[in-house]
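The values are calculated or read from the model by the stated rules, or taken from the named source; none is laboratory data. Everything quoted here is computed from the prediction, not taken from an experiment. Don't worry about glycine lacking a Cβ; one is built from the backbone with ideal geometry, like all the others, and counts go over all protein chains shown. The area values use the complete protein model at the heavy-atom level, side chains included, leaving out ligands, DNA and RNA. Shrake-Rupley method; radii C 1.70, N 1.55, O 1.52, S 1.80 Å.
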2 protein chains.
Amino acid sequence: MIKATVYVTVKKGVLDPQGVAVQGALHSIGFQEVESLRIGKYMELTLDTNDRAEAEERLKAMCEKLLANTVVEDYRYELEG
Amino acid sequence: MIKATVYVTVKKGVLDPQGVAVQGALHSIGFQEVESLRIGKYMELTLDTNDRAEAEERLKAMCEKLLANTVVEDYRYELEG
């Protein structure tokens, strides 16, 4: 069993409307020091395998096929343990 | 200027419907090895301050007030540099 973490973020230069909205909300409740805010996704997976090389390859395929929209998003992943 | 990262995750024991849906989608396209998947939010912030202690305190307040719903979500944050 391998635990993995996947981070999916909006690419630089691509507008992040969710981030803009949250930043505006923070400003409006007094957190004026927030200069920028970008929101991404964070996924914790458990994989039923003990082969780290295979897990890494499969994770990459999952990101490319489903977890990230590679046109506007970047991804990175980490294996635990 | 301080860069910070905030992670907001669904608490253990709380149903994560988005994670369940994505796990089902991964299974249906051949990634049967995914045993569990939980989705959270990942935020990159830039704060206009150089006082790390103050930044930490303000970040905590932001999480408590707006970024996380502490009834069903956990949060943690990291300061860079």
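A few comments on the model shown:
- Residue in the stretch B:18-28 that is at the interface with another protein chain (Cβ under 8 Å from one of its Cβ atoms), at pLDDT 95 or above and over 18 Å from the mean Cα position of the chain (by Cα) present: yes
- Options A:E44, A:E33; residue that is in contact with a helix residue (DSSP H, G or I) (Cβ under 8 Å, 6 or more places away or on another chain) and not hydrophobic (A, V, I, L, M, F, W, C): A:E33
- Positions within the stretch B:55-75 being touching an Asp or Glu at 6+ places or on another chain (Cβ under 8 Å) and open to solvent by 40 Å² or more (accessible area, probe 1.4 Å), in sequence order: B:R58, B:T70
- Selection status of B:E78, closer than 18 Å to A:Y75 by Cβ, open to solvent by 60 Å² or more (accessible area, probe 1.4 Å), under 16 Å from the mean Cα position of the chain (by Cα) and of a type outside the set (A, V, I, L, M): no
- Count - residues of the stretch A:37-54 that are open to solvent by less than 40 Å² (accessible area, probe 1.4 Å) and either within 19 Å of B:A68 (Cβ to Cβ) or more than 7 Å from chain B (Cβ to nearest Cβ) (or both): 5
- Those residues of the stretch B:1-16 which are in contact (Cβ under 8 Å) with a residue 12 or more places away in the chain and either among the basic types (K, R) or open to solvent by less than 90 Å² (accessible area, probe 1.4 Å) (or both), in sequence order: B:I2, B:K3, B:A4, B:T5, B:V6, B:Y7, B:V8, B:T9, B:V10, B:K11, B:V14, B:D16
- The residues of the stretch A:1-16 that are closer than 12 Å to A:N69 by Cα and of a type in the set (K, R) amount to a single one, A:K11.
- Taken over the stretch B:24-52, the criterion of being touching a Ser or Thr at 6+ places or on another chain (Cβ under 7 Å) and part of a helix (DSSP H, G or I) is satisfied by no residue.
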